[in-house]
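Contents: one structure, followed by commentary.
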Amino acid sequence: MPEKEKLRIDKYLWAIRLFKTRSLASAACEKGKVKFQSLQVKPAKHVSIGEEYEVKTEGKRWRIQVTGLLDHRVAHAEAIKYFLDITPPEEIERLQFQAASFHTGKRLSKVGRPTKKLRREWEDFRGEEPESP
């Protein structure tokens, strides 16, 4: 893969697949979701090998170390060779806890249409005859 000496942070974050589009990566920089040494970076900041960045995406707070410069988008298996994920274990545990607590697989009570079983119970309670098709 060709490596360049100057590479913008927004293009780098897009190339390593932390953001789906380059404009999303650029917007994240402008909103303060990308930090270098606890300071907000602009989308045009040049990336160097060995630098560490804090990146807040929709699903995770990443802490990455640049191991190589990548200026174009490649497959995920190839892209992960250009950065080192040094996210603290506490953040990973927090994500696992969130995933476990919010996806129970059950339908929320009193939300949406009633199930067939609930409809039958309601009809029995009210003493109505079920509708025939």
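The values are calculated or read from the model by the stated rules, or taken from the named source; none is laboratory data. On a predicted model such as this, the values are computed, not experimentally measured, just so you know. Don't worry about glycine lacking a Cβ; one is built from the backbone with ideal geometry, like all the others, and counts go over all protein chains shown.
Scan the stretch 28-36 and tell me whether some residue there is charged (D, E, K, R), assigned to a strand (DSSP E or B) and surrounded by 14 or more Cβ atoms within 10 Å (Cβ to Cβ).
Yes, the stretch 28-36 contains at least one residue that is charged (D, E, K, R), assigned to a strand (DSSP E or B) and surrounded by 14 or more Cβ atoms within 10 Å (Cβ to Cβ).
Per-residue answers, yes or no, for (1) in a loop (DSSP other than H, G, I, E, B); (2) surrounded by 13 or more Cβ atoms within 10 Å (Cβ to Cβ); (3) hydroxyl-bearing (Ser, Thr, Tyr); (4) modelled with pLDDT of 95 or more:
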| site | (1), (2), (3), (4) |
| --- | --- |
| Glu58 | yes, no, no, no |
| Gln65 | no, yes, no, yes |
| Leu70 | yes, yes, no, no |
| Gln98 | no, no, no, no |
| Ser101 | no, no, yes, no |
| Leu118 | no, no, no, no |
| Phe125 | no, no, no, no |
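What about Tyr12, is it of a type in the set (Phe, Trp, Tyr), part of a strand (DSSP E or B), surrounded by 14 or more Cβ atoms within 10 Å (Cβ to Cβ) and out of contact with any Pro (no Cβ under 8 Å at 6 or more places or on another chain)?
no
Could you list, in sequence order, the residues of the stretch 44-56 that are basic (Lys, Arg) and assigned to a strand (DSSP E or B)?
Lys56
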